[in-house]
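Colleague: Quick one: structure below, then a few questions.
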Amino acid sequence: MCPVNESALEWTELDRGETRFRRKQLSEAADGDSLGCSLYELPPGHKSWPFHYHTANEEAIYVLDGAGQIRLAEEHHALTAGDYVALPADESGGHRVINDGEAPLRYLAVSTMVEPDVTVYPDSGTFGVFVGSPPGGREERSLEGFYDAEDRVDYWTEE
């Protein structure tokens with residue numbers, strides 16, 4: 001394991017509706033295993049991943065530059081450089097970062113890398129399942145998918 005300088009890494013980009021950001025997966029580049037860390041850059045007027053929480057992975061956000069907001073439950077809190085937010089692995093850790101400022105918002109997102117994980121998206125009533133590699137992980141998964149939380153099947157199926 002050697003030091004990795006973020007300037008040597010390429011950005012990956014996601015642009016889907018109000019969700020738009022650039023990301024550098026620092027931990028992956030440094031061969032991290034149990035701790036994930038990504039550098040995010042949100043342009044003005046855009047948001048991070050949809051509002052969500054993890055059931056197995058704790059996350060944290062540390063703001064490097066810019067200003068914006070973080071949605072925690074139904075409350076919005078201002079974010080500025082130097083702010084740190086801990087996000088527990090349960091419903092109380094639900095979050096979404098919003099750049100309502102005039103300049104790019106840059107922050108580090110740090111997380112444990114536990115699997116299996118279920119990621120819950122309360123606004124859409126859906127959840128994601130990740131087995132074999134956690135969200136953000138690079139190993140092949142034995143099971144993954146996104147599901148409607150209202151879909152129900154019986155434990156016993158007719159044969």
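Colleague: Specify the residue that is surrounded by the most Cβ atoms within 10 Å (Cβ to Cβ); the eligible residues are those in segment 79-91 that are touching a strand residue (DSSP E or B) at 6+ places or on another chain (Cβ under 6 Å) and without any contact (Cβ under 8 Å) to a residue 24 or more places away in the chain.
Modeller: It comes out as Asp83.
Colleague: Considering only segment 125-140, state which residues are in a loop (DSSP other than H, G, I, E, B) and closer than 21 Å to Tyr40 by Cβ. Write out each step before concluding.
Modeller: The initial filter retains those residues of segment 125-140 that are in a loop (DSSP other than H, G, I, E, B), namely 125, 132-140.
If the condition is that a residue be in a loop (DSSP other than H, G, I, E, B) and closer than 21 Å to Tyr40 by Cβ, then Ser133, Pro134, Pro135, Gly136, Gly137, Arg138 are the ones that fit.
Colleague: Give segment 15-29 a look and list any residue that's surrounded by 13 or more Cβ atoms within 10 Å (Cβ to Cβ) and either out of contact with any Asp or Glu (no Cβ under 7 Å at 6 or more places or on another chain) or of a type in the set (Ser, Thr, Tyr) (or both), or say none.
Modeller: Those that are surrounded by 13 or more Cβ atoms within 10 Å (Cβ to Cβ) and either out of contact with any Asp or Glu (no Cβ under 7 Å at 6 or more places or on another chain) or of a type in the set (Ser, Thr, Tyr) (or both): Thr19, Arg20, Arg23, Gln25, Ser27, Glu28, Ala29.
Colleague: A further question on this structure: Among residues belonging to segment 101-121 that are buried (at least 16 other Cβ atoms within 10 Å of the Cβ) and not in a strand (DSSP E or B), point out the one that is modelled with the highest pLDDT.
Modeller: Only one residue fits best here, namely Pro104.
Colleague: Exactly one condition in (1) closer than 21 Å to Leu39 by Cβ; (2) in contact with a helix residue (DSSP H, G or I) (Cβ under 9 Å, 6 or more places away or on another chain); (3) buried (at least 16 other Cβ atoms within 10 Å of the Cβ) is not met by Leu72; state its number.
Modeller: With respect to (1) closer than 21 Å to Leu39 by Cβ; (2) in contact with a helix residue (DSSP H, G or I) (Cβ under 9 Å, 6 or more places away or on another chain); (3) buried (at least 16 other Cβ atoms within 10 Å of the Cβ), Leu72 is out only on (1).
The values are calculated or read from the model by the stated rules, or taken from the named source; none is laboratory data. Keep in mind that this is a model prediction, so the values were computed, not measured. Using ideal geometry, Cβ is built from the backbone for each residue, glycine included, and neighbour counts are taken over all protein chains shown.
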